[in-house]
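A.B. asks: Supplied in structure tokens, the structure appears directly below.
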Amino acid sequence: MGIHTPSYRLHKGSGQALVEINGQRIYLGKHGSAGSQQKYRRVVGEWLASAKLPPSQLQAETATSVNKLLLAFLPYADERYLKNGRPTSEPRSFRVALRPVKELYGLLPVTSFGPLALIACRQRLIEQGICRKRINQHVGRIRQVFKWGVARELVPETVWRALCAVTGLRRGEAHETRPVKSVSETAIAAVQPYLTPQIWAMIQLQLWTGCRPGEVCQLRLADINMTGTIWEYRPSSHKTEHHGRERVIFLGHHAQDVLRAWLGADPYAFLFSPKASREWHLAQRRASRQTPLTPSQERRKRKSRPKRTPGDHYTTLAYGHAISKACEKAFGMPPHLSRISKQLTEPQISVLKQQAAEWRQAHCWSPNQLRHTAASRIRAAYGIEMARIILGHSSAVTSEIYAEMDWEKARSVMAEIG
């Protein structure tokens, strides 16, 4: 939807021009004069640039309240961070970053938010157990909000520049995440009996192509060029498209064999559908029944409705959740950890949740690890530059992160020359 621009109007009683913004009348001078038209353009331009708040608020209340600054910025973030008409994860990340700012300093003037206040908010993020890298990103987002306020004359420039003096956390000053490792073929094969055919096909495609989880989730026939021996898949949306980069995923013979079973008549339909997975689950359940449904069970089945209607394609979150659940079944997660009783006390539930998280970290793997597995295999066979091209990285440094070193080759070489 477009933004409605307030109109330039005549006040008949006084002969003046006026514009009405959020219920507030602003008189501009004699109607039709150059001065009134210039003032109209200035007032409306400042209003549009300042998250569409009334001018009186921009000059008074908003300029002195941290909460007013946050309330002005968040609608801007929702409109700014879109990809193909859909919101990205950035608005949600801003809300996480700004939560301690609101809790600790929301009622104070923006001029009171200095470097010590930013450090206090950062400490709150550390206490929440967020990893160091993400905390540094959140601190950058907080600074970005105040910089946005400077551009709209809601925050003095000196406030933002003072916040820039806070340096990022160094290694050891906050929780560190474990580096993502590749997953073994044994661990991948173990989960196959607990997955739907759709999820298993998505896993195979990641292994054969090295594509990202989001790229396999949004796969459509319309995005695949099937001319030639090697097919080319160009995702309608990808991670680096906002940098103007093109992403091409090459589909070799193995990947083509996986895809052929899923190619349908509608070129714009997503190949891997949660709805189809649900129907497969229901068919499996019907086939495994030992006795037929009674009439009352049939009636209940017809009346029942799922809590959530399956979407037209998998999200990366749902894709990862399906793999995690399969890992829990394949590797035998203890029942008291997989289904924590709500009748326990809060401290008991907290302990069990921590134990469950530790078990999943030790036994479960994620779709991102499949990309690491493919990257390591490509790098070992064809070198780092070819891994960079196939994975869609702008530099070999990023590919080095994904492609693990082949320590066995190093050992064999040193056995000969050491």
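What follows draws every value from the coordinates through simple rules; no lab data is involved. Just so it is clear, the structure is predicted and the values come from calculations on it, not from any experiment. Note that we place each Cβ from the backbone using ideal geometry, even for glycine, and neighbour counts take in every protein chain shown.
A.B. asks: Given a Förster distance of 56 angstrom, what is the FRET efficiency for His253 paired with His4, based on the Cβ-Cβ distance and rounded to 0.05?
C.D. replies: So the FRET efficiency works out to roughly 0.50.
A.B. asks: Right, another one. Name the residue from Gln24, Trp47, Ala34 whose Cα lies farthest towards the positive end of the charge dipole of the stretch 9-49, charges +1 on Cβ of Lys and Arg and -1 on Cβ of Asp and Glu.
C.D. replies: Sorting the options by dipole projection puts first Ala34.
A.B. asks: Per Stokes-Einstein, at 20 °C and 1.002 mPa s, what whole-number D in µm² s⁻¹ belongs to the stretch 191-274, with the Kirkwood radius over Cα pairs as the hydrodynamic radius?
C.D. replies: 162 µm²/s
A.B. asks: Another question, then. Could you tell me the center-to-center distance, by alpha carbons, between the stretch 64-108 and the stretch 1-32 in angstrom?
C.D. replies: 31 Å
A.B. asks: Using 5 Å bins from zero, what percent of all Cα-Cα pairs in the stretch 105-224 falls into each bin?
C.D. replies: 2, 9, 14, 13, 9, 8, 9, 10, 9, 8, 6, 2, 0
A.B. asks: Only Lys, Arg, Asp and Glu count, each charged at its Cβ (+1, +1, -1, -1), so figure out the dipole size of the stretch 62-163 about its Cα centre, rounded to 20 debye.
C.D. replies: Charge dipole, the stretch 62-163, about its Cα centre: 400 debye, nearest 20.
A.B. asks: Right, next: List the pairs from Lys102/Lys133; Lys39/Lys83; Lys275/Lys342; Lys133/Lys275; Lys181/Lys329 whose alpha-carbon separation is above 25 Å, in the order I gave them.
C.D. replies: Beyond 25 Å: Lys39/Lys83; Lys275/Lys342; Lys133/Lys275.
A.B. asks: For the stretch 62-163, rounded, prolate or oblate, judged on the Cα gyration tensor with a ≥ b ≥ c (square roots of eigenvalues), a/c < 1.5 rounded, else prolate if a/b > b/c?
C.D. replies: Since a/c reaches 1.5 but b/c is at least a/b, the shape of the stretch 62-163 is classed as oblate.
A.B. asks: Can you give me the distance in nm between label points at Tyr268 and Ala222, each placed 7 Å from the Cα along the Cα-to-Cβ direction?
C.D. replies: With each label placed 7 Å out from Cα toward Cβ, I get 0.4 nm.
A.B. asks: Next up: If you put +1 on each Lys and Arg Cβ and -1 on each Asp and Glu Cβ, how big is the dipole of the stretch 119-197 around its Cα centre, in Debye rounded to 20?
C.D. replies: The calculation lands at about 200 debye.
A.B. asks: Return the ratio Rg/(2.2 N^0.38 Å) for the stretch 9-49, where Rg is computed over Cα atoms only.
C.D. replies: 1.09
A.B. asks: With a point put 7 Å past each Cα toward its Cβ, work out how far Lys133 is from Ser341 in nm, to one decimal.
C.D. replies: Roughly 4.0 nm, to one decimal.
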